[in-house]
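Data first, discussion second: the structure below is written as structure tokens.
The values are calculated or read from the model by the stated rules, or taken from the named source; none is laboratory data. Owing to the predicted nature of the structure, the values given are computational and were not obtained by experimental measurement. As a convention, Cβ positions derive from the backbone with ideal geometry for all residues, glycine included, and neighbour counts pool all protein chains shown.
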């Protein structure tokens, strides 16, 4: 059987050479195009920090929570002053991830700001100071601790760990909710499956109080309570309200066992790469927002208590002393395990009200 010389079944040496050359040219073109696409993609992922752009602020607070109100107020203030093209955009409700993922993204530079609280004690052990029971007496006391302990002693340690703190806000005084019974003494926590953040000291605190603590992301708590995976949790009133936990809890006990600050953090490299005027505005407004945060937090503590009561949740106000007595050994353990902790505790406890 003879084949047509032009048939695809037969390829002459000349056609083979042309075909080889053609494929080689296509390969080079494809490689060049792919390289350009990759270069453009990389350029898009790593913009010049001085170029006007959106500044992403991620946090875990639900709408109406203190975190959401605080971050939105900061964004409003900053955006009114930032140069054209710059804008702080807030992403609440863990849209950009939970606290742990947000801190990873801060280091990667894919999120500009985050608002961690308890989790800082898992990143920098000295922040376990704010896991010590009944350390902070009130917001005035916290203001003194901020001046005398946070800025001179804790902030440098955060910097060494890769986090630049530009302001100190609030998460708040934390209280216990559950579906078993009112918590009047530590004995009432015996065996209660209680959600906590992932900080090691919070786990130890509730182990000392007799509960069965279970670390869990805030975004998962409602369903876990609703389905009975856990019996209770502990949070400030603003988080309890914002996350609608009152819908799936019968009892609220105003234990006030821990006061947790919140920290406006970014990465040192990201921060230092911003234009000086942008940094100045962001830092000024982040710190100025603190007054709004404290005022709002105090108002919410009063308003939300009555709203939660109106939702049918039974509220009790236990004596804190038995809880402090049961958890007091945590102070000795913290001092033993964390370098410089004794000085931190002494300075915090000795700080008077302004």
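Within the range 206-217, the set of residues being more than 19 Å from residue 181 (Cβ to Cβ) and touching a strand residue (DSSP E or B) at 6+ places or on another chain (Cβ under 8 Å) comprises 207, 215, 216. Checking each residue in the range 73-90 for being closer than 30 Å to residue 199 by Cα and surrounded by fewer than 17 Cβ atoms within 10 Å (Cβ to Cβ) picks out only 89. Confirm whether residue 264 is in contact (Cβ under 8 Å) with a residue 12 or more places away in the chain, surrounded by 18 or more Cβ atoms within 10 Å (Cβ to Cβ), farther than 30 Å from residue 143 by Cα and in contact with a strand residue (DSSP E or B) (Cβ under 6 Å, 6 or more places away or on another chain). Spelling it out, it is not the case that residue 264 is in contact (Cβ under 8 Å) with a residue 12 or more places away in the chain, surrounded by 18 or more Cβ atoms within 10 Å (Cβ to Cβ), farther than 30 Å from residue 143 by Cα and in contact with a strand residue (DSSP E or B) (Cβ under 6 Å, 6 or more places away or on another chain). Taking the range 50-82 as the range and being farther than 19 Å from residue 285 by Cβ and touching a helix residue (DSSP H, G or I) at 6+ places or on another chain (Cβ under 9 Å) as the test, the residues that pass are 50, 60, 62, 63, 64, 65. Within the option set 97, 92, 64, 58, being at pLDDT below 95 and within 27 Å of residue 121 (Cα to Cα) holds for one residue only, 64.
Inclusion of residue 194 among residues that are closer than 22 Å to residue 245 by Cβ, in contact with a strand residue (DSSP E or B) (Cβ under 6 Å, 6 or more places away or on another chain) and in a helix (DSSP H, G or I) is not warranted. A count restricted to the range 91-131 and to residues that are touching a helix residue (DSSP H, G or I) at 6+ places or on another chain (Cβ under 9 Å) and either at positive phi or part of a loop (DSSP other than H, G, I, E, B) (or both) stands at 16. Does residue 167 fit the bill of being touching a helix residue (DSSP H, G or I) at 6+ places or on another chain (Cβ under 8 Å), buried (at least 18 other Cβ atoms within 10 Å of the Cβ) and closer than 18 Å to residue 130 by Cβ? Taking the combined requirement at face value, the residue satisfies it.
When 304, 330, 274 are checked against the criterion of being surrounded by 14 or more Cβ atoms within 10 Å (Cβ to Cβ), in contact (Cβ under 8 Å) with a residue 60 or more places away in the chain and within 20 Å of residue 64 (Cα to Cα), 304 stands alone in meeting it.
You will find that of 176, 150, 183, the residue that is surrounded by 19 or more Cβ atoms within 10 Å (Cβ to Cβ), under 20 Å from the mean Cα position of the chain (by Cα) and modelled with pLDDT of 95 or more is 150 and no other.
Among residues that are free of Cβ contacts under 8 Å to residues at least 12 places away in the same chain and crowded, with 16+ Cβ neighbours inside 10 Å, residue 335 is included.
Listed by position, the strands (runs of 3 or more DSSP E) contained in the range 222-321 that have at least 2 residues being more than 24 Å from the chain's Cα centre (by Cα) are 251-253, 314-316.
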